[in-house]
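**Student:** Structure incoming, see below.
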Amino acid sequence: NRYAKMPERVYLCGGTAKMPRLDEYLSHELGLPVVVADPIKNMTVKVPAASPQYLNEISPLLCVCMGLAIRDMIG
């Protein structure tokens, strides 16, 4: 009732996003697509100490820190 337009999709981030089948459950309950956020999906990330598999696993945990890191870069 608060907004004129309903959300089209929900993104999960943080540690809870890695809970098995949470995205499926929330999608069913909300009637919306729910996806696990991947903030490094379209980025080239070079971290010699971390494997690509590890980076993929922790990617949903990086949303807040990445947002805080770039907020001063944007307008």
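The values are calculated or read from the model by the stated rules, or taken from the named source; none is laboratory data. Everything numeric here is computed off the predicted structure, so don't read it as measured data. Counting neighbours? That spans all protein chains shown, and the Cβs are built from the backbone with ideal geometry, glycine included. The accessibility values were calculated without ligands, DNA or RNA, using every heavy atom of the protein model including side chains. Shrake-Rupley method; radii C 1.70, N 1.55, O 1.52, S 1.80 Å.
**Student:** Of all residues in the stretch 1-42, which are among the aliphatic types (A, V, I, L, M) and under 20 Å from residue 53 (Cα atoms)?
**Tutor:** 12, 17, 19, 35, 36, 37, 40
**Student:** Considering the stretch 42-65 alone, what residues qualify as being within 11 Å of the chain's Cα centre (by Cα) and open to solvent by less than 50 Å² (accessible area, probe 1.4 Å)?
**Tutor:** Answer for the stretch 42-65, where residues must be within 11 Å of the chain's Cα centre (by Cα) and open to solvent by less than 50 Å² (accessible area, probe 1.4 Å): 58, 59, 60, 62, 63.
**Student:** While we're on this one: List pairs: first in the stretch 21-44 and more than 14 Å from residue 9 (Cβ to Cβ), second assigned to a helix (DSSP H, G or I), Cβ under 6 Å, 6+ apart or cross-chain?
**Tutor:** Listed pairs, sorted by first residue: 39/62; 39/63; 39/66; 40/59.
**Student:** Give the residue, chosen from 2, 71, 9, that is at pLDDT 90 or above, of a type in the set (Lys, Arg) and open to solvent by 100 Å² or more (accessible area, probe 1.4 Å).
**Tutor:** From the options 2, 71, 9, the qualifying one is 9.
**Student:** Turning to a different aspect of this structure: Can you find a residue in the stretch 40-57 that is part of a helix (DSSP H, G or I) and hydrophobic (A, V, I, L, M, F, W, C)?
**Tutor:** Scanning the stretch 40-57 turns up at least one residue that is part of a helix (DSSP H, G or I) and hydrophobic (A, V, I, L, M, F, W, C).
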